[in-house]
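Student: Below you will find the structure I want to go over with you.
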Amino acid sequence: MDKLAIVSGTANPKLAGDICQYLKVKLCDAFVSKFSDSETRVKINENVRGKDVFVVQPTSPPVNEHLMELLIMIDAIRRSSARRITAVIPYFGYARQDRKDQPRVPITATLVANLLTSTGADRILTVDLHAGQIQGFFDIPLDHLFAVGVFKDYITELKLKDMVVVSPDVGSIKMARGYAKRLEAGLAIIDKRRISPDKTEDMHLLGEVKGKNAVIVDDLIATGSSLVEAVETLKKAGAKNIMAAITHGVLSGPAIERLDKCKDLKEMLITDTIPLTKEKKISRIKVLSIAELLGEAIKRIHNEESVSRLFD
């Protein structure tokens, strides 16, 4: 492992440290700061010439700042003659802008993919993309990991009976089906009609949830409106206990306030792809670590082994 180097940005240094602990390697010494005019300043303080470098940096809020930092770090490492650079982006920002659904709007996910490639990234490692087709936006290899195994281990220990996995919208059906298969549970879908990005007009429940333990699954939670609406719908339909398993806890805007008021939500599981700040910590949010999954993937990529084995 002497040719492996893990570099961390400022977005989630704890996760990078946990990955290093799993791999039993030291975190590469890198200086990341700002100039007085707020420009990002980066210096790699160790020799990475000829090394296989993994840059751990989720593009979580503030998205633009963390994205720019990632690009500058990749450029610094490329100019330091690294053998290969893998951008480890546990949470891939701008993933929701993956298509042109209105006139005169950008496809920003493609723009970010092009920026990462042209800057010098040789490979991408990410977790639970908002849309699977984003993999096709890259002309370099992309390894797409799934957090389902992390959630499955925790939920299985709860020994819930009469379990049903719930997709909060049509877009999450494939993800919910995968969870239902792993947990050997039923499947339900909430079909909603949106009148704006933050407001839903009508909701219909497909599937049987009455008297069952419902687990809502999704890739991310932003303002929390979809989750709260889903909980209300399930409660009205007679669900017994309701919990959620959501990979990326963006938790922007009024999300924490909404979750605090949503008493019917027993527990919400998220991963540490995005660090949970003090002001966002409430008793019903439990953070599960994804460091082992990412660490194992990094080890396999470095050793030129199969990453797909992690999906079994």
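Student: Using only helices, what value at 222 nm comes out for the chain when you add -39,500 (n - 2.57) per DSSP H run of length 4 or more and divide by the total residues, to the nearest 500 deg cm²/dmol?
Tutor: So the calculated ellipticity at 222 nm is -9000 deg cm²/dmol.
Student: Within straight cross-link reach of LYS51, meaning Cα distance under 26 Å, which lysines are found once same-chain residues fewer than 8 apart are removed?
Tutor: LYS3, LYS14, LYS24, LYS26, LYS43, LYS299
Student: If you don't mind, another one. How many angstrom lie between the C-alpha centres of the stretch 134-196 and the stretch 41-79?
Tutor: When both Cα centres are located, 31 Å separates them.
Student: Follow-up question, since we're still on this one. Could you give the length gained on full extension between LYS174 and MET1, defined as 0.36 nm per residue of separation minus the Cα-Cα distance, in nm?
Tutor: Full-extension gain reported as 58.6 nm.
Student: Beyond 16 Å, what share of the Cα-Cα pairs of the stretch 9-75 remains, rounded to the nearest whole percent?
Tutor: The answer is 49 percent, as a whole percent.
Student: What does the convex hull of the Cα atoms of the stretch 148-289 come to per residue, in Å³, rounded to a whole number?
Tutor: So the per-residue Cα hull volume is 99 Å³.
Student: Let me ask another. Note down the magnitude of the dipole of the stretch 148-289 about its Cα centre, charges +1 on Lys and Arg C-beta and -1 on Asp and Glu C-beta and zero elsewhere, to the nearest 20 debye.
Tutor: Dipole size: approximately 300 debye.
Student: If one puts a single equal scatterer on every Cα of the stretch 78-143 and applies the Debye formula without solvent, what log₁₀ I(q)/I(0) results at q = 0.12, 0.16, 0.17, 0.19 Å⁻¹?
Tutor: Debye output, listed in q order: -0.31, -0.53, -0.59, -0.71.
Student: With only alpha-carbon atoms counted, please give the Rg and Dmax of the chain, in Å.
Tutor: Over the chain's Cα set, Rg and Dmax evaluate to 20.0, 60 Å.
Student: Also, I was wondering about something else. Label points 7 Å out from Cα along the Cβ direction at SER252 and HIS144: separation in nm?
Tutor: 2.2
Student: For a protection proxy built on the mean count of beta-carbon atoms within 10 angstrom, sort 265-276, 300-311, 154-165, 213-224 highest first, please.
Tutor: 213-224, 265-276, 154-165, 300-311
Student: With point charges of +1 on the Cβ of Lys and Arg and -1 on the Cβ of Asp and Glu, referenced to the Cα centre of the chain, which listed residue (GLY186, ILE107, ASN45) lies farthest in the positive direction of the dipole?
Tutor: So the residue we want is GLY186.
Student: On a straight-distance basis, which lysines could pair with LYS100 in a cross-link, Cα separation under 24 angstrom, same-chain partners fewer than 8 positions away excluded?
Tutor: Within the straight-line limit of under 24 Å, LYS100 reaches these lysines: LYS174, LYS192, LYS199.
Student: Another question about this same structure. Given axes a ≥ b ≥ c from the Cα gyration tensor, I'd like to know whether the stretch 208-312 is rounded (a/c under 1.5), prolate (a/b larger than b/c) or oblate.
Tutor: oblate
Student: Take the Cα pairs of the stretch 92-216, get the Kirkwood Rh, then feed it into Stokes-Einstein at 20 °C and 1.002 mPa s and tell me D in µm²/s.
Tutor: The calculation lands on 127 µm²/s.
A short reminder: the numbers here are calculations on the coordinates, not readings from a lab. This is a predicted model, so every value here is computed, not measured. Note: ideal-geometry Cβ built from the backbone for every residue, glycine included; neighbour counts use all protein chains shown.
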